[in-house]
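Shown next, in structure tokens, is the structure this report addresses.
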Amino acid sequence: MVTEWAESLGGIADRRLVWLAAMVSLPPLAPFPLVRQVRRASLGRGTLHLEAELCETPMVTAVAADGIELHPDFRAQARRVLRDRVLEGGLDAEELRQVTRIDTMGLSPLLELEENLVWAYVSQLNPGQTADRLLTDCLLSVVRETRHRILDWAAGALGRLPQPILRTPAAWLLSELCVATRRPAVRLPAPDLDQVDGDLLGEVARLLPTALVGMARDGDVLSFGPIARNRRVAFPVPAIVHKPVTVSWSGPDGPQQTTVDLGGHGVVRLPVGRGEVRLRTVAGRVFTLRPIPPGEPAPEIADLDAKLDVIDEAWRASRTIRAHVTRMISTRTAIVALEGAEGLGALLRSEPADEREGRATGISLGMTLGVRISNFDRVRQRVVCRPAPPEPWTGGDLAVGAELEGRYESSVNFGIFVSLPTSPRGWAGPVVSGLVHTSEFPPSWRWVPPDLAPGDPVRVRILSIDPARRRVALTALDDRPDPLLVHPVGDVVTGTLVKIVPFGVFVRLPSGVEALLHRSEIAAGTRLELGLAMRVRIQAVHEDLGRVNLVTEPRLPQGAPAIEVMPPTQPSGKSTPRQRARAVPPPPSRPGQLDPAEVAEFLRAKLREPGVVHAATLAQQVIERFEPRLHGDRGKWLGMGSFTLMLRSLVPGVRLFGNRVLPPPE
């Protein structure tokens, strides 16, 4: 049998392939047993080669281990042709159904369901009733049995099913549920409200998010519409296109009831008078509006003003207020209900700095915590809050002069932050953060800082506690000897030349200390270059100044010529990368492109060198190595305008300890 659309498929020599593909287009994935069953029933034996030829045609977009997938356009056209042939009587529906059945081929129930929906479209003149019944069963399984995998199937099936199937109310509700649960589904146009089963809509609406509808009463008319200044009281309804709400009140002629659709953009007005009014959403939630006393505003307005007064007072007094997390937005952002102002949602934001101030950072749905109002707009009813610190902040059981073990948190240019427990519960209780300023580093850290990772133990002594500013000043303790005193006067060691200045060179000793070797102690003709190994003797140690003076070993004989002109001077390491960058000549008009990977590899090589690496020295080395290409078309420093930011972005895991740079852990 030849189909009328076989002519349009070029390159198909045997039209039986087209008919075979059309017959297996009912399921979304045609299993190989179905292809074999259709071929034998429709084309007879001796046509096994057609199965292999079919997989090579442009009608097939994918061949899997268990079946083939047809091109979406071909599949849709094939289904329309089959439908026309069946409805015109050109094909016997019962015979076609027997040939194309897949319920005995071990496919998943959802794929069988999709095939049944397509068969209803192919075999029935009005398939909507059958499709609506099948999709209604799916919705009830999701709502009553929490079978959410059905929604994963529906998100894809809604893009494959024929249009008559998608015009049913159940298909629309299924698409609303997929969109509400953030699945990549097509949002179908909404049917008329009277076509939707009210009970089914009510059950599905309980799983949908809510939207707010503004409401106002003036003693005569109840108005609904978008939230505005004259409708500043709102109530939640399911967030779908149709938002039916049943309104009940007592009128002059007795009890009255009507259902209004609040899904439009206009204002809906009902003459309800001053008596009690009941609002019932499609999800089953009921809101009762009390009668309006003569000469007074509506009770809901008075209640709202009282709640706003509670928030206003807490905001102005910086008072801590209890809050209950009702909805999570992200790991650090949530919607909370404030104590005394229930019904008004407030935005809770938790910043990384809150952790150092002892505030709660682990926000979870349903938890209760103390917050402080950080921003309040009474007219728009917008409230923003942050976790509150423990009240009152006294540092807990901490005392000035106490020595205890804290945990390393992070480093800054002026020191490090260390967290401390403040109660007998230890780390299971409240924790505060203290600062160890660089001036309070022990002598052993002066040249060789410790290799610390977040959470590592650090012994500290408390210098001061400032409850008003919530600050703790610390000094770090270390039992290691001062590197300045490791090498006694007269000791002979081998060091590495790390810096050349007009008056001599600096040699890094095995202890990490950089000591001065004056040029008068260096023999004339000595070739000096960075990294040169030099044998030196400790001449003097100035503990108060933090300096060590060296002489060569063997020492230069008296009267022997010393070096007079030093090689090109090297930076002292005391200026900042930004100051060094300003000293570089302006870039060429059209600089070449600089590969960040090249800079990253250079930085890693420098960090692997032995000894202490200073940020300023490393910045100068980068400038000297890549200066012609370090600037963009506008003359800006490579990276983000800051050497430390560029360093962190190019070498992940690198750590800054004051002005010292530590390589990333292996």
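Values quoted throughout were computed directly from the atomic coordinates according to the rules given, and no laboratory measurement underlies them. In this text the structure is predicted, and so the values were computed from the model without any measurement. Counting neighbours? That spans all protein chains shown, and the Cβs are built from the backbone with ideal geometry, glycine included.
In the chain, the DSSP-assigned H stretches of four residues or longer account for a calculated mean residue ellipticity at 222 nm of -8000 deg cm²/dmol, using -39500 (n - 2.57) per stretch and the full residue count as denominator.
Kirkwood hydrodynamic radius computed over region 210-296 comes to 13.2 Å, based on all pairs of distinct alpha carbons.
The simple Förster model, with R0 at 45 Å and r as the Cβ-Cβ distance, assigns Asp253 and Gln129 a FRET efficiency of 0.70.
Computed on region 302-387, the Cα convex hull volume stands at 83 Å³ per residue.
In the chain, the DSSP beta bridges split such that about 95 percent are antiparallel, to the nearest 5. Between Thr181 and Arg285, the contour length at 0.36 nm per residue exceeds the Cα-Cα span by 35.4 nm. Figure legend: label point modelled 7 angstrom from the Cα of Ala65 along Cα→Cβ; residues of region 78-109 with amide N under 20 Å from it are 105-109. In the set (i) 50.2, 162; (ii) 39.3, 125; (iii) 29.0, 99, which value of Rg and Dmax of the Cα atoms in Å was calculated from the structure you see? Here Rg and Dmax of the Cα atoms in Å agrees with entry (ii). Once the Cβ-Cβ distance of Arg459 and Thr552 is raised to the sixth power relative to R0 = 51 Å, the FRET efficiency obtained is 0.80.
Across all Cα pairs in region 6-204, the calculated P(r) in 5 Å bins from zero up to the longest distance comes to 1, 7, 15, 18, 19, 15, 11, 7, 4, 2, 1, 0 percent per bin. Label-to-label distance for Asp92 and Arg167 is 3.2 nm, based on points extended 7 Å past Cα in the beta-carbon direction.
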